[in-house]
Protein chains: 2
Amino acid sequence: MEIKVLKDILGANDAQALKNHSRLDGHGILAVNIMSSPGAGKTSMVIQTIERLKGKARIGVIEGDIASTVDADKVALTGVPVIQINTGGGCHLDANMTEKALDSLPLDKIDLLFVENVGNLICPAEFNLGEHKKVMLLSTPEGDDKPYKYPAMFSLTDVVLVNKIDLLPYLDFKLDAFEKVVKGLNPKVKIFPISCKTGEGLGAWLDWLTGELKIVTRQG
Amino acid sequence: MEIKVLKDILGANDAQALKNHSRLDGHGILAVNIMSSPGAGKTSMVIQTIERLKGKARIGVIEGDIASTVDADKVALTGVPVIQINTGGGCHLDANMTEKALDSLPLDKIDLLFVENVGNLICPAEFNLGEHKKVMLLSTPEGDDKPYKYPAMFSLTDVVLVNKIDLLPYLDFKLDAFEKVVKGLNPKVKIFPISCKTGEGLGAWLDWLTGELKIVTRQG
């Protein structure tokens, strides 16, 4: 019974996600769904990426949170268009919420759309929003055993950003072992170790992102 | 429509939670529901607490995870009885899962039961398991803004353990400001800053826990 309800919800969500995807394609926008645990550094990554792509790509942001506008307020300081979705308790964004946020964004003036999901390593993996790429962050203090415990998220994502590598000297996080396990679950995944605090490693992430941006722009 | 389904689920869950609660009381067991983001240190805290209460209280553990037995394997090394629940995708434990785990534990030989919930700051707050106390961990690398973004969890918990205080010198986490915001949401909450790595602060947490244990034992 519960499973049936869940299947109906997921089916309806996928239908709306397809509509969002076509709409984004119509505007030549690359949409990236960003997922992680609470506090892994999604907003910091978005802000660091915006600063580094200034003048190269026009960026828009959708911020998803249960409550508050803390993250949207931070992102707005960069000057890019940003919309906050408050789910009011819901543990993930869905395609309907995303559609409403798209209605409020200047889509003709955006090349790259970041959709920052609710902080949660579980449910966001199951709800497509219409994005082109899924990117997850795993911060080093969370530990290198997380792929075993949250396999869906690690299996479905296109990119894993291993954030807070500046803290590695103070932690027991084994980056090599972590990468091996993630590649075992998801052989095509790209893994970029980064620090949004020091900027280390962001170059490789930006190279990948601008490469994807060119592909979408050519198709659009 | 979706809300009705959720209400039915929560109502049925509360009924089962009451049964679990009575059953635990019948055995004189203090049950503690432990919640946090992935990687905040729930399992480390459980293991450190078990080591320090050896000979003073008989402990049992229920480990909740989407997949794997990583955490149960670690806890089992301490020698206490431990049961792993795999939710198979589900983002929280519920009272029915807890009942099944209780069936497999030697309840007459347990004074203190830790139920380690799935790593998630959102949904576990809504599902009572029949516990006597809710304890959440917030690890310092997650940032001091989390109460604004996950207000339900911080409002409902009896205790906040601020874990990984050994990392404070490398972070921008303001402990005083954090405590003030949490007390604003939840004036009765107990807050204990701890490090499961160095042992700092665990004494105050153990004092609170053994105090609660005496209260339940007297009632049982």
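The values are calculated or read from the model by the stated rules, or taken from the named source; none is laboratory data. Keep in mind that what you see is a predicted model, and the values were worked out from it rather than measured. Counting neighbours? That spans all protein chains shown, and the Cβs are built from the backbone with ideal geometry, glycine included.
Quick notes
- Sole exception among (1) closer than 30 Å to residue B:139 by Cα; (2) not in a helix (DSSP H, G or I) for residue A:48, by number: (2)
- Single condition residue B:59 does not satisfy, out of (1) more than 15 Å from residue B:110 (Cα to Cα); (2) in contact with a helix residue (DSSP H, G or I) (Cβ under 9 Å, 6 or more places away or on another chain); (3) at pLDDT 95 or above: (1)
- Every condition in (1) touching a residue at least 12 places away in the same chain (Cβ under 8 Å); (2) under 24 Å from residue B:141 (Cα atoms) holds for residue A:176 except the one numbered (1).
- Count of the range A:185-211 residues which are charged (D, E, K, R) and closer than 18 Å to residue A:43 by Cβ: 1
- As for the range A:180-188, it holds no residue that is without any contact (Cβ under 8 Å) to a residue 12 or more places away in the chain, closer than 17 Å to residue B:66 by Cβ and in contact with a Leu (Cβ under 9 Å, 6 or more places away or on another chain).
- Exactly one residue out of A:40, A:72, A:31 is of a type in the set (A, V, I, L, M), in contact with an Asp or Glu (Cβ under 8 Å, 6 or more places away or on another chain) and under 13 Å from residue A:139 (Cα atoms), and it is A:40.
- In the range A:155-172, the residues that are closer than 20 Å to residue A:91 by Cα and buried (at least 23 other Cβ atoms within 10 Å of the Cβ): A:157
- Looking across the range A:141-184, the residues that are within 8 Å of another protein chain (Cβ to nearest Cβ) and either part of a helix (DSSP H, G or I) or more than 22 Å from residue B:44 (Cα to Cα) (or both) come down to A:141, A:142, A:146, A:148, A:149, A:151, A:152, A:166, A:167, A:170.
- Taking the criterion of being among the acidic types (Asp, Glu), buried (at least 18 other Cβ atoms within 10 Å of the Cβ) and farther than 22 Å from residue B:8 by Cα, the residues of the range B:71-125 that qualify are B:71, B:111, B:116.
- Put simply, of B:121, B:138, B:129 the only residue that is away from every other protein chain (no Cβ under 12 Å), outside any helix (DSSP H, G or I) and aliphatic (A, V, I, L, M) is B:129.
- Of the numbered criteria (1) of a type outside the set (Asp, Glu); (2) assigned to a strand (DSSP E or B); (3) out of contact with any helix residue (DSSP H, G or I) (no Cβ under 7 Å at 6 or more places or on another chain), the one residue B:114 fails is (3).
- Per-region count, the range A:45-80, residues more than 10 Å from chain B (Cβ to nearest Cβ) and under 28 Å from residue A:122 (Cα atoms): 16
- Selection over the range A:53-100 of residues that are part of a strand (DSSP E or B) and either touching a residue at least 40 places away in the same chain (Cβ under 8 Å) or among the aromatic types (Phe, Trp, Tyr) (or both) gives a count of 7.
To keep it simple, each residue is scored yes or no on (1) in contact with a His (Cβ under 9 Å, 6 or more places away or on another chain); (2) modelled with pLDDT of 95 or more; (3) hydrophobic (A, V, I, L, M, F, W, C).
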site	(1), (2), (3)
A:71	no, yes, no
A:79	no, yes, no
A:82	no, yes, yes
A:87	no, no, no
A:93	no, yes, yes
A:96	no, yes, no
A:107	yes, yes, yes
A:118	yes, yes, yes
